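*Asks:* Dropping a structure here in structure tokens format, bear with me for questions.
The values are calculated or read from the model by the stated rules, or taken from the named source; none is laboratory data. Predicted model, so just to flag it, every value in this text is computed and none were measured. Glycine also receives a Cβ, built like all others from the backbone with ideal geometry; neighbour counts cover every protein chain displayed. Ligands, DNA and RNA are stripped out before the accessible areas are found, and what is left, the full protein with its side chains, is counted by its heavy atoms. Shrake-Rupley method; radii C 1.70, N 1.55, O 1.52, S 1.80 Å.
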Amino acid sequence: WEPMLTLLETMELSQMDTESLRLECLTHMGPLPRYYTRIILVCLGPLIMLLMHCVMNAVMYRVAPWRRLFVLKGAIGTWLSVFFLMTIFTSVIPFQCFGHPNGLSTVFKYPAVICSFT
């Protein structure tokens, strides 16, 4: 069902899931660069919001950005809540392992990385 598929793809993007961006089409990235890309995208959120805030105030409202600073504060507060959840999700990725019939365990998100907690 197409609307549900679109909703699920949108939810992947909101979780900063870099695999949903299909970056492999542009360049080959190993597990470690994909993990770092996810962390960088999480940290870029407030900078992107600040830029959008300045542009929207200049173009749509024709006021200085500091005149509507309460809007930016609310947006960044929401981002911090989302950021906390994304940080937790990202930090537990290396610990989500699954076993194989040959006895090895690999990271669920990055099957090329072997889990060894010994």
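*Asks:* Phe95 to His28: FRET efficiency via 1/(1 + (r/R0)^6), r the Cβ-Cβ distance, R0 22 Å, to the nearest 0.05?
*Replies:* Computed FRET efficiency for Phe95 and His28: 0.30.
*Asks:* Could you report the stretch 35-89's accessible area per residue, 1.4 Å probe, as an integer in Å²?
*Replies:* That works out to 73 Å² for each residue.
*Asks:* Still on this structure: Mind giving me the nanometre distance, one decimal, between the label points for Leu51 and Val63, set 7 Å out from Cα along Cα→Cβ?
*Replies:* A separation of 2.4 nm, rounded to one decimal place.
*Asks:* What percentage of the solvent-accessible surface of the stretch 38-79, computed with a 1.4 Å probe over protein heavy atoms, is contributed by carbon and sulfur atoms? Intermediate results must be reported in sequence, preceding the final value.
*Replies:* Working: 2350 of 3030 Å².
Solvent-exposed carbon and sulfur of the stretch 38-79 make up 78 percent of the total.
*Asks:* Given a 1.4 Å probe and the protein chains all in place, what does the accessible area of Val59 round to, in Å² to the nearest 10?
*Replies:* Result for Val59: roughly 90 Å² accessible.
*Asks:* State the extension gain, in nm to one decimal, for the chain segment bounded by Ile88 and Cys115, taking 0.36 nm per residue of separation less the distance between their alpha-carbons.
*Replies:* Contour length minus Cα-Cα distance gives 7.8 nm.
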